[in-house]
Amino acid sequence: MYDTIQQKILDGIFQQGDILPSEVELEKMFNVSRTPVRQALKQLENDRLIYRVQGKGSFVANQQPKETWTNMSGFRNQYSTDWEKISVRTIELKKVVDPHFCSLLHVGENEELIYLKRIRYLNNQPMIYLEHYIRSILPIEVYQEDSAFSSVQKLLKEKAGIELIEVEDEIEAVIADPYISGALQIPNSSAVLKGTRISYTENRTPIDLNIFYINTNNWKYYSHYQNHSQT
C-alpha cells in the first residue's frame, strides 16, 4: 500500500493538495484491515509525502521527492526535506572502453561507454562523489548541455524514453583515498560509505553502473522495507 501510493505521488497521479481515499476506502481497495492502512499512512506522513487534517483526511504534501530516483537512492528523507539545498556538478565527461564495466553492463568488451564524474552538494558542501559508466544510448553531447542536470535516470527518461525502475546496491565502509578525500573536502583517510549500484530497465537490462562515495558526517543512508502481504 505504501509503495503504491508513494509511486502515484511520484508519478503525479496524486498531485499536491489532492485528498487521498479515506481509510475505509483504502481497506476495500487493498483488502486489508484498518491497522495496516494506518501504518502505511503514518509512514507516508513521516516521509513528508502526505499530511493529515483531523476530520478531513490525508492530503498530498508539497515536499515530496522530485524523482523516483530519490526513493531508490537510500536518501529519500534527506531529499524530501532539503531538495532546494541540493545541487550537483559534472566534473569530468568522456567516452571510455573498459572491458570490465562493459561486461557488467552486458555490452561488447570494445563498446564505448559514457563516463561521468559528478559531485552532489548540500548547502554547497560536497556530500557525494559519483562515477558513472553508462551505456551509450544518448550521444555525449546531451550530457554536455547542462553540467548540473539532476540525475542520469531523469536524463535518460526525458531524452530517450528509457525508465530505470530497479537498482542493486552493494554498500561498504571504506577509507577514502587522497583523491576522494579532496573531492569531498574531508581529512585524508576519513571513513566514507562506498556504494556500487547497477540500474536496470523493466526487462532487467543494465544501463548505468554508478560507484559513489558518501560523506556521512551530515548525510545518513536510509532504507525502508515493507512486506506487501501485510500492507
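The values are calculated or read from the model by the stated rules, or taken from the named source; none is laboratory data. Model, not experiment: these values are computed from the prediction. As a convention, Cβ positions derive from the backbone with ideal geometry for all residues, glycine included, and neighbour counts pool all protein chains shown. Calculation scope for accessible area: heavy atoms of the full protein, side chains included, ligands and nucleic acids excluded. Shrake-Rupley method; radii C 1.70, N 1.55, O 1.52, S 1.80 Å.
Condition test on Ile171, is it within 14 Å of Phe212 (Cβ to Cβ) and at pLDDT 95 or above? Against the criterion (within 14 Å of Phe212 (Cβ to Cβ) and at pLDDT 95 or above), Ile171 does not qualify. Of the candidates Leu138, Leu164, Leu155, the single residue that is more than 16 Å from the chain's Cα centre (by Cα) and of a type outside the set (S, T, N, Q) is Leu138. A single member of Arg48, Arg76, Arg52 is open to solvent by less than 50 Å² (accessible area, probe 1.4 Å), among the basic types (Lys, Arg) and at pLDDT below 90, and it is Arg76.
If you go through segment 5-38 and keep only what is in a helix (DSSP H, G or I), open to solvent by 40 Å² or more (accessible area, probe 1.4 Å) and either over 29 Å from Leu164 (Cα atoms) or touching a Phe, Trp or Tyr at 6+ places or on another chain (Cβ under 8 Å) (or both), you end up with Lys8, Glu23, Val24, Glu25, Glu27, Lys28, Arg34, Thr35, Arg38.
When segment 192-221 is filtered for residues that are among the hydrophobic types (A, V, I, L, M, F, W, C) and more than 23 Å from Asn124 (Cβ to Cβ), the ones remaining, listed by number, are Ile198, Ile207, Leu209, Ile211. Whether a residue is over 22 Å from Asn215 (Cα atoms) and β-branched (Val, Ile, Thr) was assessed, and Val142 passes this test.
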